[in-house]
Structures are given as structure tokens and as C-alpha cells.
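Working notes, beginning with the structure itself.
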Amino acid sequence: MRKVLAAAAFAGSIALTGLAVAPAAQAAPATASVTASVTHATSAGNWGKYYSSNKKAYTYGKTYKFGGKVYTKWYGKEFTAKRGYVWFRYEYRNGSTGKHFYSWNGSAKHTWSKKNIKKLYTYTCWGGKFKYCGSVHRIY
């Protein structure tokens with residue numbers, strides 16, 4: 001009973017400050033995302049341009065979830081005779097981790113997917129798998 005009274009008091013104080021949102025509007029996003037994950041691809045969004053530390057390569061792309069898999073479609077650009085590298089580091093729902101990379105010369109695009117991903121990070125390197133790596137960004 002105390003929790004109900006506290007929640008009502010809190011809701012009343014928010015309504016007085018003008019920050020309240022209609023209950024139907026609050027429930028709509030949760031219902032829509034559940035429905036979307038069952039029947040349609042759920043988008044995690046576009047990401048990038050993520051540069052190598054020396055700005056000679058960058059990657060960008062889109063991440064989305066469909067059918068229990070997380071998909072990433074990425075594009076890479078690199079401006080010299082050396083290669084660019086995009087790394088993907090991920091954490092599974094059971095807590096284990098993994099990572100892999102793709103290399104390219106000039107420009108590239110690729111789509112890959114994995115099941116049971118909880119978190120996904122990316123970063124871009126240039127000139128070697130571990131050289132001139134840029135900062136790490138969470139993309140899912």
C-alpha cells in the first residue's frame with residue numbers, strides 16, 4: 001500500500017511541474033518495440049563516421065536486430081596504399097565475449113550477424129590490425 005501511495009504522490013508532483021506524459025503515451029513505445037521485434041526488424045540506428053587515430057581511415061554503418069540476430073552493415077573508407085581495419089567487439093547474453101575484424105584497401109562494405117548479442121562495440125584502425133586505432137564506440 002505504501003508503494004502505491006508513494007507512486008501516486010510522485011506522479012502528482014510530476015504532473016504539477018508539467019513533466020507528466022499521458023499513460024497511453026508511456027505504454028506505447030514498450031508495446032511497439034515488442035511487436036516490432038516479433039514481426040519486423042528493430043533498428044538500433046546508424047553509426048559513424050568513426051576514424052582511426054590518424055584520420056586516414058573511417059567506418060560507418062547501421063545496426064539492427066531481426067529474428068534473434070544482431071546485424072551490422074558497415075562501410076569503410078581508407079585513403080592510402082595501406083589497409084584499414086574495422087573491429088567489432090561483442091558481449092553475449094551469457095556474459096562471454098568475442099571480437100573479430102575485417103580489413104580493406106580503398107573502400108569496402110559488408111554485412112555480418114551474430115545471435116544472442118547483448119552489447120556491440122566498434123573501432124577503426126589503419127596500417128595494421130593494432131596500429132593507429134581510434135576510440136571505441138558502442139553501437140548496440
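Every number in this text was worked out from the coordinates using simple rules, so none of it is lab data. Everything quoted here is computed from the prediction, not taken from an experiment. Every residue, glycine among them, receives a Cβ derived from its backbone with ideal geometry; neighbour counts consider all protein chains shown.
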Past 25 Å, Cα to Cα, is the threshold; run LYS55/LYS99; LYS49/LYS99; LYS73/LYS115; LYS56/LYS118 against it and keep the listed order.
-> LYS56/LYS118
Fewest-first sequence of SER135, SER113 by Cβ atoms within 10 Å of each Cβ = SER135, SER113
Low-density loop trypsin sites (Lys or Arg not before Pro), region 85-135, at most 10 other Cβ within 10 Å, DSSP non-H/G/I/E/B, are ARG93
When CYS133, CYS125 are ordered from fewest to most other Cβ atoms inside 10 Å of their Cβ, what list results?
-> CYS133, CYS125
Quick note on LYS69, LYS49, ordering by fewest other C-beta atoms within 10 Å, gives LYS49, LYS69
Label-to-label distance, nm, for residues given as ASN46 and LYS69 (7 Å Cα→Cβ offset) = 2.4
